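The values are calculated or read from the model by the stated rules, or taken from the named source; none is laboratory data. Bear in mind the structure is a predicted one, so any value in this text is a computation, not a measurement. Positions of Cβ are backbone-derived with ideal geometry, glycine not excepted, and every protein chain shown enters the neighbour counts.
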Amino acid sequence: MGKGMRKGICLVVAVLVVALAGGCAGRKSRDHYIREDVDLNFIERVVVLPFENQTNERGTELRVRDIVMTQVLAMGLFDVVEKGIVDKTLKDEVVVVADGIDAMTYKRLGQLLNAQAILHGSVGQAEEVRSGTETFHDLGLNMRLIDAGTGMVLWQASGFTSGESFGRRVLGISGPDQYQLASDLVEDLLSTIPPREE
């Protein structure tokens, strides 16, 4: 085999490997909004409310809420009020998140929990998708950060991700599990919040 032919084969193999590796990344999309006339540095503590579930996959909203709390802390965005304290306060104040929350309730929760903002959202899509012999997960999330004092939306993000990809189908590789998919998507969405200045 000639030197030129070996180089050609190496080039084809390299291109194929790069194409398949890129093809192993699942589909993703993301949109976000951030209020430009507000400096988010005033936020030190946030309340993460229970997430709404708009899907048939029960329990997804509980996992997503836990992941959001962990990621907010891990990324150093804000301090987070402990989930048990939040849930007890919601129960004591007879606040049902699914019924919608008005500006006065946001303010009351902020005062009771010593938090400047409220973070909550919904799971818009969570399903298991079969492709041949493989199973992949799809996940769509919406999140928003609300000023506890005014009820104003400070930041909002929506995103979708899928564990299915061309490369995985070709190679017969399973996609990430639902937890990993959710963790990656939450981190991706939260990364659109500017870090606090010290």
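The table that follows gives values for the structure above.
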quantity	calculated
Test: residue in the stretch 112-120 that is modelled with pLDDT of 95 or more, farther than 21 Å from Leu62 by Cα and exposed (fewer than 15 other Cβ atoms within 10 Å of the Cβ)	yes
Given (1) closer than 18 Å to Val186 by Cβ; (2) aliphatic (A, V, I, L, M); (3) at pLDDT 95 or above; (4) surrounded by fewer than 16 Cβ atoms within 10 Å (Cβ to Cβ), number of the condition Val72 does not satisfy	(4)
Hits in the stretch 144-165 (condition: under 13 Å from Thr192 (Cα atoms), modelled with pLDDT of 95 or more and either surrounded by fewer than 19 Cβ atoms within 10 Å (Cβ to Cβ) or of a type in the set (A, V, I, L, M) (or both))	Arg144, Leu145, Leu154, Gln156, Ala157
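Here's the yes/no breakdown for (1) touching a residue at least 12 places away in the same chain (Cβ under 8 Å); (2) surrounded by fewer than 20 Cβ atoms within 10 Å (Cβ to Cβ); (3) farther than 27 Å from Glu187 by Cβ:
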site: Arg63; (1), (2), (3): yes, yes, no
site: Asp66; (1), (2), (3): yes, yes, no
site: Leu77; (1), (2), (3): yes, no, no
site: Val86; (1), (2), (3): yes, no, no
site: Gly100; (1), (2), (3): no, yes, yes
site: Leu109; (1), (2), (3): yes, no, no
